1. Once you place label points 7 Å from the Cα toward the Cβ at Q26 and S84, how far apart are they in nm?
2. How many angstrom lie between the C-alpha centres of region 73-134 and region 10-38?
3. I need the P(r) histogram for region 22-81: all alpha carbon pairs, bin width 5 Å from 0 out to the longest distance, whole percents.
4. Which residue, chosen from I131, Q92, I73, occupies the Cα position most advanced towards the positive end of the dipole of region 1-133, where the dipole is computed from +1 (Lys, Arg) and -1 (Asp, Glu) charges on Cβ about the Cα centre?
Amino acid sequence: ETPASASAPGRLGDDDLDQAVTRVEQELGRLFARIRIGWREAAATVHPDLPPLGYQVLTSIATGKATSAGAIIERLQTDKSAVSRQVRQLEQLGLVESVPDPEDRRARVLVATELAQERVALARSRYEGRIGERLRNWTAAAPAPSPALPPAFRAAGEPTGRKQPREYGAPLAPYLPL
């Protein structure tokens, strides 16, 4: 234990802190794995050939949060070539169209087709059903996790000096089908 942690009542000592960090890392690892599985399942719901990143790109477009390649790159913090491939595939699958920007006719924006909106809504419905089932299984003896917990970890895990997506910290529900 460090002198500061030993003298502060209720604070974790070094050994307890190491164990707590390990437990948090393990739980976050499980959560991230579940999120990746959820994206894969949601993508398959939209179209069997759609990869998980394609689903994330599509939901960014369908929700209107990002309607240009640059905005998608910023929002998802991924590279230009990956977004370009995903947009091309979404267009080939009939899920996205490029149309003139109503504010600047020289520019183009990406919009989700009606088919895409229907398929994303189905994926969201399935996600909400799974979350609802999990919530129904929580009891007073095993209460639901605190909604304040994720923001605390977001702040604690921030790398310094890295530009974050414009809407960092926004609800992730459309993007995290569990």
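A short reminder: the numbers here are calculations on the coordinates, not readings from a lab. Everything numeric here is computed off the predicted structure, so don't read it as measured data. Cβ placement follows ideal geometry from the backbone for every residue including glycine, while neighbour counts extend to all protein chains displayed.
1. My value for the distance between the label points is 4.4 nm.
2. Each part reduced to its Cα centre gives a spacing of 32 Å.
3. Answer for region 22-81: a P(r) of 4, 19, 20, 19, 20, 10, 6, 2 percent.
4. It is Q92, whose Cα lies furthest towards the positive end.
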